[in-house]
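Undergrad: For reference, the structure I am asking about is given below.
Every number here is computed from the coordinates shown, using simple stated rules; none is lab data. Just so it is clear, the structure is predicted and the values come from calculations on it, not from any experiment. Using ideal geometry, Cβ is built from the backbone for each residue, glycine included, and neighbour counts are taken over all protein chains shown.
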Amino acid sequence: MAELKIGDYVKGKRFGSFEHDFQGEIEKVYENSVLIHILEFDQADRILVGELNNRAIVRKDDATLAKVKNS
């Protein structure tokens with residue numbers, strides 16, 4: 001698995017009240033999880049994403065790298 005870094009664009013698996021997967025940019029990396037700024041999501045999850053202020057903490061194992069930040 002590639003090392004996740006701040007600025008990487010990732011896909012997050014649905015969890016909790018999310019009905020669908022989502023995508024966004026990593027804002028912070030923790031030991032076993034990442035804070036994702038949610039940028040793309042299904043409209044069915046619109047209210048939940050708004051309540052979470054467009055952010056979610058996701059286990060690293062549940063975050064799939066979609067695009068690497070250019071250094």
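Undergrad: Looking at ILE38, ILE47, which one is under 13 Å from the mean Cα position of the chain (by Cα), free of Cβ contacts under 8 Å to residues at least 60 places away in the same chain and either outside any strand (DSSP E or B) or surrounded by 10 or more Cβ atoms within 10 Å (Cβ to Cβ) (or both)?
TA: Only one candidate qualifies: ILE38.
Undergrad: Tell me which residues, restricted to segment 14-35, are of a type in the set (S, T, N, Q) and part of a strand (DSSP E or B).
TA: Those that are of a type in the set (S, T, N, Q) and part of a strand (DSSP E or B): GLN23, SER33.
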